[in-house]
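Step one of this worksheet: look at the structure below.
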Amino acid sequence: MKNTISARVADFLRVYPPFNEMHPKDLDTLSHEVSILYKTKESVIFEEDGQPHEHFYIVHKGAVVLRKNSTNAIIDLCDEGDIFGLRPLMANENYKLEAKAYEESILYAVPIADFKPYTQKYEGVANFLLESFASNTRNPYSNSYKGKLLGESSALQPQLDKGLLDLQHVNYSKKLVTSPKNASVKSIALAMTKKKVGAMLIVENGLPQGIITDKDIRNQIATGIHPITAEAKEIMTAPVITYPKKMTIAQAQMAMMKNGISHLCLTEDGTPNTAAVGMLSKHDVMLELGNNPAVLMKAIKRAGKFKEIKTIRRRITGLLKGYLDQNIPLTLTSKVISELNDACIKKIIKIALKDFENQPPVKFAWLAMGSQGRSEQLLHTDQDNALIFENVPENELSKTRAYFLNLSKAVNKGLKIIGYEYCPAEMMASNPEWCLSLSEWKDRVSHWITNPGPEEVLLSSIFFDYSISYGDVNLVDELTAHIFKGTEKYPIFFTHLASGALQNPSPTGFFRSFLVEEDGAHKDFFDVKRRALMPLIDGARILILSHQIKSINNTALRFERLAELEPNNEAIFSACSFATKALLKFRTKQGLLHNDSGRFIALDTLTKEEKIKLKRTFKTIKELQELIKFRFKVTQMLG
Amino acid sequence: MMRFLKKMFRKEKRNYPDFWRAYVKEFEIGLPESLEEIRFVVFDTETTGLDIEKDRILSIGALSLQNNSITVNQSFEVYLYQHFYHAKNIAVHGILEKESEPKITELEAIQLALSFIGNSVLVAHHAGFDRAMINAALKRHGLPKLKNKFLDTSSLYKRTLIASPLLEKQAHYSLDEMAEKFDIPTTDRHTALGDAYITAIAFLNILGKLEVKPSFSVKELLR
């Protein structure tokens with residue numbers, strides 16, 4: 001039996017082990033019995049200690065996270081083509097892990113009863129599964145041995161991509177750069193420069209004798225203690241601290257810290273009495289850890305496909321988590337993360353452009369709006385973007401727009417692939433309303449400024465936080481200048497913007513209790529975005545625009561600048577800046593915890609201290625709103 | 001006279017073929033109340049054209065969907081004999097008269113389809129057209145209209161969009177647009193079952209979006 005769908009299932013499966021071992025006919029028969037499952041983000045596929053299902057699973061689209069609840073450790077993240085939930089096939093016992101959709105996913109569920117005969121018929125299939133089970137990896141044929149299939153207790157290591165791979169074996173450089181003991185320091189320095197290494201191993205009969213690093217050359221030669229003609233043995237650090245070649249990243253880091261050194265010499269058995277096999281530098285360890293901005297930046301630059309960036313984005317999330325765990329100041333955190341996110345977006349546009357036959361007909365600029373424009377987007381949220389292109393003669397306008405709409409479509413799709421959901425209100429450059437020529441944009445913002453109805457105010461508050469992601473900065477500057485000319489002429493616009501900003505609902509009720517959502521999917525949750533962050537964001541925007549400053553988009557930075565500009569209000573603006581950062585951090589932490597945007601907070605999960613912290617920011621919000629009300633004479637208008 | 005008419009009418013009703021009576025009997029049991037228990041049948045018809053009176057069904061593809069899961073072996077794909085053929089449609093659907101799929105008559109197709117769908121909730125993209133096509137076929141064989149509830153993914157999709165002053169909702173969203181939005185491969189576009197599959201994945205996506213809305217209820221969905 002075969003139908004259109006089972007044929008597609010078979011097409012997909014035949015690429016991945018163990019199905020690649022099967023005869024097409026058998027695979028067709030098996031594919032016919034498959035169920036296709038759709039899982040929304042965060043929905044559970046099976047629970048830890050849950051009854052075994054009659055199926056095992058293959059990820060067709062999306063990703064599935066396997067987790068041990070007791071330790072909350074992520075055991076594996078399964079991607080397209082990965083199999084999981086094999087336990088019932090191997091042993092008649094309950095699941096040892098919980099499986100949850102990490103993102104919206106489509107799974108193929110293969111009935112075990114139908115699959116079992118093939119494990120007997122095909123040696124390859126049986127071997128794959130056996131090896132998977134025995135070596136405890138998901139795919140024993142992959143050399144990375146990355147995943148843990150079944151999560152035996154011995155293998156319960158917290159792993160998420162390269163996120164927390166502390167326990168993974170390090171990759172050391174096997175190409176040893178060595179010198180004999182009597183080599184001159186000069187020749188060693190020359191060799192190190194040529195080979196671009198930071199340390200030279202001094203060997204005798206293959207056995208490590210000492211090590212010379214950049215630091216030794218600085219401390220011993222440049223200071224004049226030894227002449228440049230000195231021999232290696234005079235300045236080398238000896239004896240060498242050696243380690244076995246099989247060590248984990250965590251062990252390597254510990255070894256370096258313990259001995260205060262930046263290079264480890266690895267030998268056959270870990271003692272200086274066997275041949276040196278490799279060197280491991282601090283830099284290697286950093287690369288291995290992966291979650292470091294420089295490495296990620298390099299990875300982004302090197303990526304050639306949307307999908308590669310998707311994996312990098314996961315690592316960025318890992319980095320973010322690390323930063324928050326280590327309590328690194330949010331200003332720095334958001335700077336680094338925004339910078340990386342920005343690089344991802346730039347790369348997406350570059351890839352999209354490369355795929356196009358024709359280069360852009362005129363100059364253009366890609367704008368990020370909303371939270372991304374404000375560099376406050378730490379987690380994945382919806383995309384909000386727009387495009388400006390250079391003015392063209394009337395008769396070329398529709399052709400030019402068509403080009404940029406097509407480009408935007410590709411970019412929007414790319415952004416979706418790497419994890420930015422489409423904007424449900426279609427505020428995206430692929431919407432003809434958000435893909436305009438410079439003069440069209442000028443007309444549009446002029447209209448908003450001179451006719452500030454509720455819709456216009458809403459749109460300007462989203463749009464006016466734009467920042468350029470890619471393209472020609474002059475186009476953007478010209479638009480900004482135009483906006484300021486407009487607001488200068490029509491100061492009443494600010495009053496409207498202010499009244500819009502004051503319409504956010506208050507965070508606390510009469511008795512200073514939290515106001516929670518009364519219905520919907522988030523009933524009894526606290527909406528930290530709408531009730532606490534938005535008033536600050538809106539307030540900062542209107543105040544900074546009234547000072548004619550466009551270069552600063554970040555809310556916390558805007559308040560800091562305002563504190564400088566208005567010394568008499570310094571206290572309140574500094575408090576606002578602090579509150580913004582605190583709330584953003586709060587939201588980000590919640591988001592990481594629940595793998596969502598962090599917008600809705602379950603109050604009962606907060607500690608008392610956290611609640612007090614939250615409430616403290618509310619006081620600041622109230623003061624800010626009073627200031628805005630007074631300054632922009634909102635009451636007069638309302639009255 | 002009246003009595004005679006009534007008798008005629010009753011007689012005609014009694015004369016419906018067994019398969020139709022079996023189909024009607026399925027509706028004696030109401031639909032389950034929870035979304036997980038409701039069986040949806042997502043389907044698509046490929047036709048010789050868009051004229052409900054003149055054009056004919058070339059093929060029907062349908063698949064069964066329950067609790068967010070599609071069981072592949074419970075899908076349905078039939079190709080119909082065609083005496084009546086519009087050359088222009090071959091370009092769209094690529095279905096040629098001589099193609100190798102075994103073909104059945106319209107009546108056979110109706111019988112099989114009715115027993116497959118039962119009392120399920122039917123889902124299609126621009127469902128109005130598919131429903132009209134099938135009802136026209138039923139009428140040709142002296143049968144009443146379909147009794148199932150219908151959902152249209154095109155109008156359901158519209159409900160997932162947020163009202164915004166700069167968003168003009170389109171009157172219709174094509175299946176290609178759906179596939180684009182939800183990143184569904186279109187390899188099997190323009191085969192009935194292939195289109196049904198795209199519609200099913202789009203439907204699941206849409207349902208996921210609608211389900212979290214505060215106003216969502218199964219009753220409202222099926223209204």
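The values are calculated or read from the model by the stated rules, or taken from the named source; none is laboratory data. As the structure is a computational prediction, the values presented were derived from the model and not from experiment. Here Cβ is always computed from backbone atoms with ideal geometry, including for glycine, and neighbour counts include all displayed protein chains. All accessible areas refer to the heavy atoms of the entire protein, side chains included, with ligands and DNA or RNA removed. Shrake-Rupley method; radii C 1.70, N 1.55, O 1.52, S 1.80 Å.
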*Quote the accessible area belonging to B:His126 in square angstrom, nearest 10, computed with a 1.4 Å probe and with ligands, DNA and RNA left uncounted.*
70 Å²
*Solvent exposure ordering (accessible area, 1.4 Å, most first) of A:Glu433, A:Glu204, B:Glu46*: A:Glu204, A:Glu433, B:Glu46
*Residue separation times 0.36 nm, minus the C-alpha to C-alpha distance between A:Gln503 and A:Lys363: what's the value?*
46.5 nm
*For the pair A:Ala113 and A:Ser551, how long in nm is the line joining their label points, each one 7 Å along Cα→Cβ?*
7.2 nm
*B plus A alone minus the pair: what accessible area, both sides summed, probe 1.4 Å, in Å² to 100?*
3000 Å²
_Through the Karplus equation 6.51 cos²θ - 1.76 cosθ + 1.60, θ set to phi - 60°, convert the phi angles of segment A:489-500 into ³J(HN,Hα) values in whole Hz; use x for Gly and Pro._
6, 10, x, 4, 4, 5, 4, 5, 4, 5, 5, x
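On average, how much accessible surface per residue is there in the protein assembly as shown, in Å², for a 1.4 Å probe, leaving out ligands, DNA and RNA?
48 Å²
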*FRET efficiency, 1/(1 + (r/R0)^6) with R0 51 Å, evaluated for A:Asp524 and A:Asn219 via beta carbons*: 0.20
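Can you compute the FRET efficiency between A:Asn568 and A:Lys629 using 1/(1 + (r/R0)^6), with r the Cβ-Cβ distance and R0 = 22 Å? Round to the nearest 0.05.
Once the sixth-power term is evaluated, E becomes 0.80.
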*Three-way shape call for segment B:14-77 based on the alpha-carbon gyration tensor, with the a/c threshold at 1.5*: oblate
*asked:* How shielded is A:415-424 by partner chains, expressed as the average number of their Cβ atoms within 10 Å of its Cβ atoms?
replied: 2
*For peptide B:177-185, compute the average count of partner chain beta-carbon atoms within 10 Å of each residue's beta-carbon.*
2
_Quick check: Cα centre of segment A:1-55 to Cα centre of segment A:234-306, how many Å?_
42 Å
*Heavy-atom SASA rank of A:Asp443, A:Asp114 (probe 1.4 Å, accessible area, largest first)*: A:Asp443, A:Asp114
_If you filter segment A:65-115 for GluC sites (Glu not before Pro), then keep DSSP loop positions with at most 13 other Cβ within 10 Å, what is left?_
A:Glu93
_Karplus-derived HN-Hα couplings along segment A:349-354 (A = 6.51, B = -1.76, C = 1.60, θ = phi - 60°), whole Hz, x at Gly and Pro_ = 5, 4, 4, 4, 5, 5
_Counting only other residues whose beta carbon sits under 12 Å from that of A:Thr588, what net charge do I get with K and R as +1, D and E as -1?_
+4
*the protein assembly as shown - percent of accessible surface contributed by carbon and sulfur, probe 1.4 Å*: 54 percent
_Estimated inter-spin distance, A:Asp49 and A:Thr607, nm [label 7 Å along Cα→Cβ]_ = 2.7 nm
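Partner chain Cβ atoms within 10 Å, averaged over the residues of A:28-37 - can you pull that number for me?
Details: counts 0, 0, 0, 2, 4, 3, 4, 7, 11, 6.
Across A:28-37, the average partner-chain Cβ count within 10 Å equals 4.
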_Formal net charge of residues neighbouring A:Thr178 (Cβ-Cβ distance under 11 Å; K, R +1; D, E -1)_ = +2
*What list of ³J(HN,Hα) couplings, whole Hz, do you get for segment A:458-473 from phi and the Karplus terms 6.51, -1.76, 1.60, once you set θ to phi - 60° and write x for glycine and proline?*
4, 5, 5, 5, 7, 6, 5, 8, 5, 9, 7, 9, 7, x, 8, 6
*Which FRET efficiency, nearest 0.05, do A:Lys399 and A:Asn127 yield, Cβ-Cβ r, R0 56 Å?*
0.45
_Rounded, prolate or oblate, given the Cα gyration tensor of segment A:293-490, with a/c below 1.5 counting as rounded?_
oblate
*Can you put A:Tyr466, A:Tyr490 in order of accessible area, largest first, using a 1.4 Å probe?*
A:Tyr490, A:Tyr466
_With all protein chains modelled, accessible area of A:Met428 [1.4 Å, Å²]_ = 10 Å²
*Given charges at Cβ of Lys, Arg, Asp, Glu: the protein assembly as shown dipole, positive-most of A:Phe463, A:Thr555, A:Ala575*: A:Ala575
_Residue pairs, from the table A:Lys409/B:Lys209; A:Lys321/A:Lys611; A:Lys363/A:Lys489, whose Cα atoms sit over 25 Å apart_ = A:Lys363/A:Lys489
_Whether the protein assembly as shown is rounded, prolate or oblate, judged on the alpha carbon gyration tensor where a/c under 1.5 counts as rounded_ = oblate
*asked:* Quick query: amide H of A:Phe56 versus all other amide H atoms, modeled in the peptide plane; which residues come in under 5 Å with a sequence gap of 5 or more or a different chain?
replied: A:Val110, A:Ile112
*asked:* Heavy atoms of the protein only, probe of 1.4 Å, neighbouring chains included. What is the accessible area of A:Ser430 in Å², nearest 10?
replied: 40 Å²
